[in-house]
Amino acid sequence: MERKDYERLRWRCIRRALLELDITLTRFLERGFEQLSEEEKQVFVELADMEDHELWYWLSGKTECDDPRYAPIVAAIRKS
Amino acid sequence: MSIPVLKFDAVIVGAGGAGLRSAIQLSEAGLKTAVLSKVFPTRSHTVAAQGGVAASLGNSEEDHWHWHMYDTVKGSDWLGDQDAIEFMVRKANECVVELEHYGMPFDRTDNGKIYQRPFGGHMSNFGEKPVRRSCAAADRTGHAMLHAMYQRNVKANTQFFVEWMALDLIRDSEGHVVGVTAMEMETGQVVIFHTRATIFATGGAGRIFYSSTNAFINTGDGLGMAARAGIPLEDMEFWQFHPTGVAGAGVLITEGVRGEGGILRNSSKERFMERYAPNAKDLASRDVVSRAMTTEINEGRGCGVNKDYVLLDITHLDPNTIMKRLPGIREIGLQFAGVDCIKEPLPVVPTCHYQMGGIPTHYSGRVVVPQNGDYNTIVPGFYAAGECACASVHGANRLGTNSLLDLLVFGKSAGDSAVEDLKAGKAHRELPADAAEKSLSRIAALDNRKGGANVHETRLAMQRTMQNHAGVFRFGDMLKSGVDKILEVEKAARQLEIKDKSMAWNTARTEALEMENLIEVAKATMLSAEARKESRGAHVRDDAPDTPEFPNGRNDKEWLKHTLFNPVDNSITYKPVNMQPLTVEPIALKTRSY
């Protein structure tokens, strides 16, 4: 991923509406993001564009992520 | 250097509730309106508001705005201005109904009216018994509100500048505000927004504290810009804290945990609340619990390497009860403390939640400053609303659900005032020749400085200083040393260095610019808190205790006045509280007890 794209993604992870997501996504950027394949990184970009509540429900396990495209990344974030 | 100039009738900085509400007034009046936001509007921190919005609709039982006014004055510990409070509570119904017409999906009663629920501090008949006054949309009131108002703005042709950061207020030689400078994050380009009206709706600055429930975005940008432009900040010593946030993260742990039997313990596992509140113990009121926690930490009985938190223990509860009655708590412990609360206690600390002070405004939303003996001289062209502003309706403490009301009423009011002023026919005033100079030199300094201070370390030093010296329970000597410490941190914050010098998407630069705003708020808070030698509302000092002469430590004779912190020379002046409502008799001073 190019620097500019990464920095845009970083901003969209570290400035959320919900503190829970600020912390969770910042942590994943620092600990797990680099291990993703380029394709998985693009899926993460899509996740980071989701509405805060929906995303937090997935990441906190309040609702199950049943979309096969996102489920593996959601699981990886939950473990980070 | 030639800087692009964009000309608008009005620019609104911030796209949370207050910003979007004021934008509706301006755009629907046909004025060319820009809204600047660091993030997409529906990602503003208003989204996190769950509780609801207060309005005495009386849908579920009898209610009256006068009762709401009484509750708000009492909640403010009589520091709120009674004209502004009357204005707010009387506008509440109209603002809620308007929001419904914008498409806000309020919860409803069986007969189709807006459903109302009770909320702490809201009472009927002047403090007699709880009343159902809060209007909500499930647990997503703020979220639903922002979506409804964003759509309305799109319809009204408001122009959004998303992922733009406002940098500095532009004032001309006569002090009129003629716009702002702002940076487009995608390009790093600095642009001048030349306007006839500038409205700040930038939210709070809760990130000045180490433990805060606020999202990272709450860096007090509007307050920093106002301070740099010589506008004093009002009542900055008043911050609302919540007793139990996850230590190190700030994520809120609901009071329901103590309600279900959670016990607070210190480093020797002692149930310390038995000493502070022998009857209520862990169920004592928020301030009593917060004060006890702080005392334990200050006296060296905190836990962890830095002895800076206490423990909230629910390991004695049946795991099934935890999962059933406290859904989400286990996940919060696992995610943010690395602790399974079924097996181990949770690390908790009193956590900053809401900023009562801010940019001084009249209830019309116009920014006012002291000048030539008049405390409320209007700064022409400048308006503020929401958490960044101080009208002042929350005074020394805010009632739950009055924050969403504040941003609706004063967002609208600021918008209306701007429309009124612009319709009076004032043309764009000339931009000063050095309009962008301050912003450009700040950026140049960041880009060129070598051997300066690290942004992350400086922010951490500020947050720890604020948490330890000006937290929920304050000590005279700690405040004094806190002043010295925060002025030291300020020196570092004026010498920040960033490694990344890129123009496009330089998030390190943006964070450094935010830090320059945070430090203005931190300094104002510490110095204002040190100066106020009484306890009132959320400002509670060890050396201003509850005595027969000064119940709850409040000293009306000397301290029934608003603080005005002047950022130019770090001086403090005071202005009287407005005790005269618009149409009713004043709510007379009384000891605040629930």
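The values are calculated or read from the model by the stated rules, or taken from the named source; none is laboratory data. Small disclaimer: the values here were computed from a predicted structure and weren't measured. Every residue, glycine among them, receives a Cβ derived from its backbone with ideal geometry; neighbour counts consider all protein chains shown. Each accessible area value is taken on the protein alone, full model and side chains, heavy atoms only, with ligands, DNA and RNA left out. Shrake-Rupley method; radii C 1.70, N 1.55, O 1.52, S 1.80 Å.
Mind checking which residues of the range B:339-365 are over 27 Å from residue B:529 (Cβ atoms) and open to solvent by 10 Å² or more (accessible area, probe 1.4 Å)?
Hits for the range B:339-365 are B:339, B:340, B:342, B:343, B:344, B:345, B:364.
Could you run through the range B:407-437 and say how many residues are buried (at least 24 other Cβ atoms within 10 Å of the Cβ) and either free of Cβ contacts under 8 Å to residues at least 12 places away in the same chain or within 23 Å of residue B:236 (Cβ to Cβ) (or both)?
Total meeting the criteria: 6.
Could you tell me how many of the residues in the range A:53-74 are modelled with pLDDT of 95 or more and closer than 15 Å to residue A:27 by Cβ?
5
With the requirement that a residue be of a type outside the set (Ser, Thr, Tyr), farther than 21 Å from residue B:239 by Cα, open to solvent by 40 Å² or more (accessible area, probe 1.4 Å) and in a helix (DSSP H, G or I), what does the range B:268-310 give you?
Listed by number, the residues that qualify are B:274, B:275, B:281, B:283.
Would you tally the residues in the range A:33-62 being within 16 Å of residue B:335 (Cα to Cα) and touching a residue at least 40 places away in the same chain (Cβ under 8 Å)?
Number of matching residues: 1.
Here are B:179, B:245, B:206: which of them is of a type outside the set (Asp, Glu), touching a Phe, Trp or Tyr at 6+ places or on another chain (Cβ under 8 Å), buried (at least 20 other Cβ atoms within 10 Å of the Cβ) and within 14 Å of another protein chain (Cβ to nearest Cβ)?
Checking each option against the conditions leaves just B:206.
Can you find even one residue in the range B:548-569 that is touching a residue at least 60 places away in the same chain (Cβ under 8 Å), touching a helix residue (DSSP H, G or I) at 6+ places or on another chain (Cβ under 8 Å) and open to solvent by 20 Å² or more (accessible area, probe 1.4 Å)?
No: zero hits.
For the range B:84-96, indicate whether the set of residues that are open to solvent by less than 10 Å² (accessible area, probe 1.4 Å), in contact (Cβ under 8 Å) with a residue 24 or more places away in the chain and either part of a loop (DSSP other than H, G, I, E, B) or among the small types (Gly, Ala, Ser) (or both) is non-empty.
yes
Quick one: count up the residues across the range B:99-146 that are part of a helix (DSSP H, G or I), buried (at least 17 other Cβ atoms within 10 Å of the Cβ) and not β-branched (Val, Ile, Thr).
So the count comes out to 6.
All but one of (1) surrounded by fewer than 23 Cβ atoms within 10 Å (Cβ to Cβ); (2) touching a Leu at 6+ places or on another chain (Cβ under 9 Å); (3) of a type in the set (Gly, Ala, Ser) hold for residue B:201, so report the exception by its number.
Against the list (1) surrounded by fewer than 23 Cβ atoms within 10 Å (Cβ to Cβ); (2) touching a Leu at 6+ places or on another chain (Cβ under 9 Å); (3) of a type in the set (Gly, Ala, Ser), residue B:201 comes up short only on (1).
Across the range B:292-343, what is the number of residues that are touching a helix residue (DSSP H, G or I) at 6+ places or on another chain (Cβ under 8 Å) and of a type in the set (Asp, Glu)?
Number satisfying all stated conditions: 3.
Give me the pairs, please: first residue somewhere in the range B:42-64 and within 14 Å of another protein chain (Cβ to nearest Cβ), second residue anywhere and surrounded by fewer than 24 Cβ atoms within 10 Å (Cβ to Cβ) and among the aromatic types (Phe, Trp, Tyr), beta-carbon distance under 7 Å, and either six or more positions apart or on two chains.
If the second residue must be surrounded by fewer than 24 Cβ atoms within 10 Å (Cβ to Cβ) and among the aromatic types (Phe, Trp, Tyr), the pairs left are B:42/B:150.
Taking the range A:17-68 on its own, how many of its residues are outside any helix (DSSP H, G or I), surrounded by fewer than 19 Cβ atoms within 10 Å (Cβ to Cβ) and within 11 Å of another protein chain (Cβ to nearest Cβ)?
5
Here's a check for you: in the range B:446-481, which residue that is part of a helix (DSSP H, G or I) and of a type in the set (Gly, Ala, Ser) is least open to solvent (accessible area, probe 1.4 Å)?
By that ranking, first place goes to B:476.
Looking at residue B:511, is it within 21 Å of the chain's Cα centre (by Cα), assigned to a helix (DSSP H, G or I) and more than 23 Å from residue B:562 (Cα to Cα)?
In short, yes.
Can you tell me which residue is farthest from residue B:247 (Cα to Cα) among those in the range B:278-334 that are within 14 Å of chain A (Cβ to nearest Cβ) and in contact (Cβ under 8 Å) with a residue 60 or more places away in the chain?
Among them, the one singled out is B:326.
Within the range B:166-176, does at least one residue satisfy the condition of being in contact with a Phe, Trp or Tyr (Cβ under 7 Å, 6 or more places away or on another chain) and open to solvent by less than 10 Å² (accessible area, probe 1.4 Å)?
no
Which residue is surrounded by the fewest Cβ atoms within 10 Å (Cβ to Cβ), if the candidates are limited to the range B:15-35 and must be of a type in the set (A, V, I, L, M, F, W, C) and within 14 Å of chain A (Cβ to nearest Cβ)?
That would be B:15.
I'm trying to understand the selection: among the residues of the range A:4-16, which are open to solvent by 40 Å² or more (accessible area, probe 1.4 Å) and under 15 Å from residue B:510 (Cβ atoms)?
A:4, A:6, A:8, A:10, A:12
Among the candidates B:231, B:217, single out the residue that is more than 14 Å from chain A (Cβ to nearest Cβ) and farther than 24 Å from residue B:474 by Cα.
It is B:231.
With (1) assigned to a loop (DSSP other than H, G, I, E, B); (2) within 14 Å of chain A (Cβ to nearest Cβ); (3) over 24 Å from residue B:53 (Cα atoms) as the list, and residue B:173 as the residue in question, which single condition is left unmet?
(2)
Being in contact (Cβ under 8 Å) with a residue 24 or more places away in the chain and within 30 Å of residue B:574 (Cβ to Cβ): is that true of residue B:150 here?
No.
Scan the range B:447-466 for residues that are over 16 Å from residue B:490 (Cβ atoms) and either touching a helix residue (DSSP H, G or I) at 6+ places or on another chain (Cβ under 9 Å) or without any contact (Cβ under 8 Å) to a residue 24 or more places away in the chain (or both) and jot them down.
Hits for the range B:447-466 are B:447, B:448, B:456.
Checking the condition part of a helix (DSSP H, G or I) and of a type outside the set (S, T, N, Q), which residue from B:30, B:51, B:19 passes?
Result: B:19 is the single residue among B:30, B:51, B:19 that is part of a helix (DSSP H, G or I) and of a type outside the set (S, T, N, Q).
Which of the following residues is farther than 16 Å from residue B:394 by Cβ, of a type outside the set (Val, Ile, Thr), assigned to a helix (DSSP H, G or I) and modelled with pLDDT of 95 or more: B:183, B:225?
Criteria check complete, one pass: B:225.
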